[in-house]
1. Please state which of the following conditions residue 335 fails to meet, knowing it meets all the rest: (1) surrounded by 15 or more Cβ atoms within 10 Å (Cβ to Cβ); (2) within 33 Å of the chain's Cα centre (by Cα); (3) over 24 Å from residue 381 (Cα atoms).
2. Would you be able to tell me the number of residues in segment 148-164 that are more than 29 Å from the chain's Cα centre (by Cα) and either crowded, with 22+ Cβ neighbours inside 10 Å or in contact (Cβ under 8 Å) with a residue 40 or more places away in the chain (or both)?
3. When residue 172 is evaluated against the numbered criteria (1) part of a helix (DSSP H, G or I); (2) modelled with pLDDT of 95 or more, which criterion, by number, is the only one it fails?
4. Kindly indicate whether residue 312 is within 20 Å of residue 249 (Cα to Cα), under 29 Å from the mean Cα position of the chain (by Cα), in a loop (DSSP other than H, G, I, E, B) and in contact (Cβ under 8 Å) with a residue 24 or more places away in the chain.
5. Could you check how many residues of segment 240-252 are exposed (fewer than 15 other Cβ atoms within 10 Å of the Cβ) and touching a helix residue (DSSP H, G or I) at 6+ places or on another chain (Cβ under 7 Å)?
6. Could you say whether any residue in segment 314-328 is surrounded by 12 or more Cβ atoms within 10 Å (Cβ to Cβ), at pLDDT below 95 and at positive phi?
7. Tell me the residue from 153, 234 that is assigned by TED's automatic domain parsing to the domain that holds residue 358 and either within 20 Å of residue 273 (Cβ to Cβ) or in contact with a helix residue (DSSP H, G or I) (Cβ under 6 Å, 6 or more places away or on another chain) (or both), please.
8. Out of the residues in segment 253-307 that are surrounded by fewer than 22 Cβ atoms within 10 Å (Cβ to Cβ) and assigned to a helix (DSSP H, G or I), state the one that is modelled with the lowest pLDDT.
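The values are calculated or read from the model by the stated rules, or taken from the named source; none is laboratory data. Since the model is a prediction, treat every value here as computed from it, not as a measurement. Virtual Cβ from ideal backbone geometry, glycine too; neighbours counted across all protein chains shown.
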């Protein structure tokens with residue numbers, strides 16, 4: 001009896017031990033397999049999607065860690081967590097330390113990676129020396145800019161015009177005929193900026209070389225044609241009158257009997273400045289709209305720095321003659337009928353020399369200027385259509401009705 005009772009438990013114990021051993025082996029194997037797959041998949045897990053308590057990783061940007069260490073092993077990741085603790089700045093994040101990048105959203109587009117203190121977003125046409133100290137380069141910093149689009153055949157006229165502009169003006173000549181070296185016969189040519197691309201218009205040049213950030217140093221920008229008589233014009237006196245009357249966009253008055261198209265630009269002998277006029281019946285839908293007000297022509301336009309920044313953006317890259325711009329300039333200042341005007345006391349003569357027209361191409365028996373004039377008219381229509389479509393789309397997107405005041 002005793003042997004029997006003692007044998008049963010012994011046999012039962014010998015049976016259970018192999019089962020437990022097998023269970024332990026299976027459990028261990030499953031655990032190894034699970035651990036392997038967990039280890040392989042762990043780097044792809046998103047730390048930012050795990051609801052980890054903030055006390056576990058204080059002051060640590062998990063998004064930053066995930067991006068920087070996504071390809072590392074678990075060990076390295078844990079080491080990175082501990083090493084980064086305390087290194088991260090608790091500031092807004094505009095600056096990152098050590099091997100991380102700077103990102104400053106308030107910098108000009110494209111310069112966000114630079115520290116703000118090194119950013120120079122604006123420029124000028126000031127000529128610099130190749131020697132000495134930069135702050136000693138300039139004996140005077142011109143406040144104004146004047147540009148002429150020229151051909152060498154008009155050299156005498158341009159020489160006379162430039163002599164009317166003081167040393168307070170930077171001079172830029174855009175050469176549409178490719179002839180630049182001949183201008184060296186004039187002393188002032190040595191301090192002028194010469195840009196030469198053949199058979200282009202002044203608005204083509206303006207769009208490419210007069211970006212607002214490039215001409216930001218100048219209070220006023222004169223963008224003039226080459227066929228202007230300036231016997232009765234003084235640049236400094238003109239600026240004084242523009243400032244006095246608060247004009248953001250202006251032009252000198254035109255001598256009444258020469259090259260006159262619009263009554264608005266006709267010089268008045270009894271005033272310093274005028275800002276409105278009377279035109280032919282039916283030409284003005286509103287006395288505050290072009291061509292009765294808020295209007296100057298594009299032959300001898302003068303822009304303030306702020307007005308030019310707007311106008312430059314309005315100039316179409318592919319429409320080179322500028323026809324139609326004069327009717328749209330009012331969109332860049334407010335109120336336009338008060339800030340756009342004609343300076344009567346400083347007046348010019350439009351000589352109407354069709355020099356640029358002769359740069360066209362003769363075609364089908366037509367003279368070169370005919371094709372140029374045809375494109376001018378076509379561009380005017382295209383510009384009007386683009387402006388109307390853009391404004392309509394804007395007001396529709398805003399869910400409001402467009403205003404009823406439209407110019408011719």
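1. Every condition holds for residue 335 apart from (1).
2. Residues in segment 148-164 being more than 29 Å from the chain's Cα centre (by Cα) and either crowded, with 22+ Cβ neighbours inside 10 Å or in contact (Cβ under 8 Å) with a residue 40 or more places away in the chain (or both): 8 in total.
3. (1)
4. Considered against the rule, which asks whether it is within 20 Å of residue 249 (Cα to Cα), under 29 Å from the mean Cα position of the chain (by Cα), in a loop (DSSP other than H, G, I, E, B) and in contact (Cβ under 8 Å) with a residue 24 or more places away in the chain, residue 312 comes out as no.
5. 1
6. yes
7. Going through 153, 234 in turn, just one is assigned by TED's automatic domain parsing to the domain that holds residue 358 and either within 20 Å of residue 273 (Cβ to Cβ) or in contact with a helix residue (DSSP H, G or I) (Cβ under 6 Å, 6 or more places away or on another chain) (or both): 234.
8. Looking at residues that are surrounded by fewer than 22 Cβ atoms within 10 Å (Cβ to Cβ) and assigned to a helix (DSSP H, G or I), I get 263.
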